[in-house]
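No value in this document is a laboratory result; all are computed from the given coordinates. All of these numbers come straight from a predicted model, not from anything done at the bench. Glycine also receives a Cβ, built like all others from the backbone with ideal geometry; neighbour counts cover every protein chain displayed.
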Amino acid sequence: MGSVYGYVRVSSHDQNEERQLIALSEHNIPPSNIYIDKQSGKDFERPSYKCLVRKLRRDDLLYIKSIDRLGRNYQEIQDQWRILTKNKGIDIVVLDMPLLDTRTGKDLMGTFISDLVLQVLSFVAENERLTIRQRQAEGIAAAKARGVRFGRPEIPINPEFYRCYQRWRDGQITGVEAAAECNMPISTFYYKAKNYKDSKNF
């Protein structure tokens, strides 16, 4: 029997990893052997995960709360599972799915069932992620259709803008001088000047 480890991942710094840590705490994992990443699973450039993989040795045991902690899609989850179980030779326990416990059923039938469950759960995890993204896109589109605006609120135009704009167009002052008189960055002045010109032409 090797060492026991746990891995926790949350998608961003404002998400709470407590739920995963509570689940891991029931399995006598040394605190120093619990690795935590706080960033998206969009890739595997995760410092704690990479450090964990380097440290793992044959016959070690890794606990994770759910299968989607390993990756964002079907292929990535499959690849990481293969690296950990085949290349590194460790056992994995997925707490949310007792059938995914590589310590049990190491015979041909047990391996077949475990691989089958892994494939199904990997597909479900990817499908769920894609569904969430689609719902978000549909929600944003519906909000825009209702007139909801996203991003930073637009800075109100200084009443001086129109006078400065005309003087700038007439060559009486430079763009830098016009922006300073309007109390706005030069890039903002040019942006608003272009929009104002386009609206007049329209």
>> Checking the a/c ratio against 1.5 first, then a/b against b/c, what shape does the Cα gyration tensor give for region 1-95?
In response: oblate
> From the cross-link list Lys55/Lys88; Lys38/Lys144; Lys144/Lys197; Lys38/Lys88; Lys38/Lys65, which pairs have alpha carbons spaced over 21 Å apart?
Replying inline: Lys38/Lys144; Lys144/Lys197; Lys38/Lys88
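Classify region 160-201 as rounded, prolate or oblate, taking a ≥ b ≥ c as the square roots of the eigenvalues of its Cα gyration tensor: rounded when a/c is under 1.5, otherwise prolate if a/b is larger than b/c and oblate if not. Don't skip to the end; give the middle numbers.
Details: a/c = 1.88, a/b = 1.26, b/c = 1.50.
It comes out oblate by the Cα gyration axes.
How large is the charge dipole for region 160-201, taken about the Cα centre, if only the Cβ atoms of Lys, Arg (+1) and Asp, Glu (-1) carry charge, to the nearest 20 debye? Could you put the intermediate results ahead of the total?
Working: 7 positive and 5 negative charges, 39 e Å.
Dipole size: approximately 180 debye.
Please order Met97, Met1 by the number of other Cβ within 10 Å, starting at the fewest.
Met1, Met97
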>> For Asp59, Asp37, which order do you get if you count the other beta carbons within 10 Å of each Cβ and list the fewest first?
In response: Asp59, Asp37
